[in-house]
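Colleague: Okay, handing you the structure first.
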Amino acid sequence: MGRGGAGAASGAGGANEETPLLGLAGTGRASTFKTYFNIIISIVGAGVLGLPYTFRTSGWAVSAACVTGSAILSYYCMMHLVKCREQLQKQGHRFVHTYGDLGDAAFGNWGRQFVDVMVLISQSGCCVAYMIFVGRNVASAFTGDVAQYGLVIALLFPLEVLLAWVRSLAGLAPFSIFADVCNVLAMAIVVKDDVRDVAGLDHIKALTSWSAMPFAMGVAIYCYEGFGMTLTLHSSMKKPEQFGRTLGIAFILITSLYLSFGFIGYLAYGDETQDIITLNLPNDWTTIAVKLGLSVGLFFTFPVMLYPVHEIFERKLLRSSWFQKHAGSPVLETVGCNAVRGLIVLGIACVAVMVPGFGVFISLVGSTVCAMLAFVVPALLHMQVFWDSSGPLVRAGDFALIICGVLFSIYGTYTSALQIFLPSSAKSPNTPHG
């Protein structure tokens, strides 16, 4: 997952703060090439480094099918959002800039509130995954023992709180770009080492068990989660009518990257594939540099990802009558907001320490709110906006997305939660190595 949710929250933040990597958002000046780049950095994130483990857990054929299927459905539903925005604007809704705005225009205030809650949970889950990733990689680089990642998270916690108190995200944007550069370098080094260590096809499986499919689908959905940026990307183009074609080509490139990276990583390490593929690399200076580079980049990306969560909580806090009564000055308002931000970071850090592994957690996030934001909500919006003009086949497709999305969320959440809370009772190979 990239920085897809950063623009999803609706509220007070300016566009330059909500989308620090997309300075042209909303101006209609982005070229097709620039939009390709923006789509890729909005979607591709640290989750790609968990794909080889997913191929090991569910089998390469099942995982490849889940990744491809998730790509097709994600593209279809992203175009749903664009079509809904265009239709609502024709109906007189001028200010539909974010996912929350779309929910408000289609369903009223409760639609905005529902989308905000989904974004809040999704972004918080993504930040937990980032903390796990940073903790495990830093622990591996310095101590060689990933079990010490809880100590690393505790040491980094005060620094993350300080970053959370930064109100403007413009100064943090270069670090987000740095994280993307590190991702590319890390994948290049991993592929280089993987190709060197390839041992043949006899030690990999096309299918481990059908019960492992929800795990693979959850990770695949997580890796394509960029729905919060869809409307921003569309409105940023010089020629927005070409967005569908541009998005499709970008998805083909991203899917090819995901499939190649997941398969080669699994082919190299087989059943020894770790839930974060960098943990399989030899402990030489290039590997340490990659681990630390990724960790530093994601460390500074953390407050960017957490921005929508802070914005939602602070908006509620500042509007509450209790807070307005007791916060009699701007200084007290700032202290109260900073305290809330610190508590949010503390809660995320506590969850990160308790979660047993990166792979199973991103599957849980993908199976829950990411599936809702990716499939269920776009289908609901499309059905609401186009009910009178759509045919029975389109309505059936929307109903199928809603029903299947909800059922998958329930079952995928159950199986992923089972791996987190009752790992010893799980039969499938989802439980990550230490």
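The values are calculated or read from the model by the stated rules, or taken from the named source; none is laboratory data. All values derive from a computational prediction rather than experimental measurement. Reconstructed Cβ throughout: ideal geometry from the backbone, glycine too, with neighbour counts over all protein chains shown.
Colleague: Considering only residues that are of a type in the set (A, V, I, L, M, F, W, C) and within 17 Å of M354 (Cα to Cα), which ones fall in segment 395-424?
Modeller: Once the filter is applied, which keeps residues that are of a type in the set (A, V, I, L, M, F, W, C) and within 17 Å of M354 (Cα to Cα), segment 395-424 yields A417, L418, I420, F421, L422.
Results for (1) surrounded by fewer than 15 Cβ atoms within 10 Å (Cβ to Cβ); (2) closer than 22 Å to E86 by Cβ; (3) modelled with pLDDT of 95 or more, shown as yes or no for each residue.
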site	(1), (2), (3)
I362	no, no, no
V365	no, no, no
T368	no, no, no
A371	no, no, no
A374	no, yes, no
V385	no, yes, no
D388	yes, yes, no
G391	yes, yes, no
C404	no, no, no
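Colleague: Report the residue count in segment 81-104 for those that are assigned to a helix (DSSP H, G or I) and either more than 25 Å from the chain's Cα centre (by Cα) or among the acidic types (D, E) (or both).
Modeller: Total meeting the criteria: 7.
Colleague: Give segment 213-272 a look and list any residue that's within 13 Å of M78 (Cβ to Cβ) and aromatic (F, W, Y), or say none.
Modeller: Scanning segment 213-272 gives Y224, F227, F243, F251.
Colleague: Does segment 232-254 contain any residue that is within 23 Å of V62 (Cα to Cα) and aromatic (F, W, Y)?
Modeller: Yes; the residues of segment 232-254 include at least one that is within 23 Å of V62 (Cα to Cα) and aromatic (F, W, Y).
Colleague: Go through (1) within 14 Å of the chain's Cα centre (by Cα); (2) within 23 Å of F251 (Cα to Cα) for M118 and report which single condition fails.
Modeller: So M118 meets the others, but not (2).
Colleague: Another question about this same structure. Which of the residues belonging to segment 42-66 are β-branched (V, I, T) and out of contact with any Leu (no Cβ under 6 Å at 6 or more places or on another chain)?
Modeller: If the condition is that a residue be β-branched (V, I, T) and out of contact with any Leu (no Cβ under 6 Å at 6 or more places or on another chain), then I43, V44, V48, T54, T57 are the ones that fit.
Colleague: Just one of I312, I254, I288 is under 30 Å from F142 (Cβ atoms) and either hydrophobic (A, V, I, L, M, F, W, C) or at pLDDT below 85 (or both); which is it?
Modeller: It is I288.
Colleague: Every residue in segment 329-358 that is modelled with pLDDT of 85 or more and either more than 20 Å from R167 (Cβ to Cβ) or not in a helix (DSSP H, G or I) (or both), please.
Modeller: The answer is G347, A349, C350, V351, A352, V353, M354.
Colleague: Taking F358, is it buried (at least 24 other Cβ atoms within 10 Å of the Cβ) and touching a Lys or Arg at 6+ places or on another chain (Cβ under 8 Å)?
Modeller: The answer is yes for F358.
Colleague: Still on this structure, please answer the following. Restricting to segment 23-60, and then to whatever is of a type in the set (A, V, I, L, M) and at pLDDT 80 or above, can you tell me which residue is surrounded by the fewest Cβ atoms within 10 Å (Cβ to Cβ)?
Modeller: Looking at the filtered set, the residue picked out is I40.
Colleague: Could you list, in sequence order, the residues of segment 76-112 that are under 13 Å from P378 (Cβ atoms) and aliphatic (A, V, I, L, M)?
Modeller: Of everything in segment 76-112, those that are under 13 Å from P378 (Cβ atoms) and aliphatic (A, V, I, L, M) turn out to be M78, M79, L81, V82, L102, A106.
Colleague: I've got another one for you. Picking from T301, T287, which residue would you name as being in a helix (DSSP H, G or I), buried (at least 24 other Cβ atoms within 10 Å of the Cβ) and touching a helix residue (DSSP H, G or I) at 6+ places or on another chain (Cβ under 8 Å)?
Modeller: From the options T301, T287, the qualifying one is T301.
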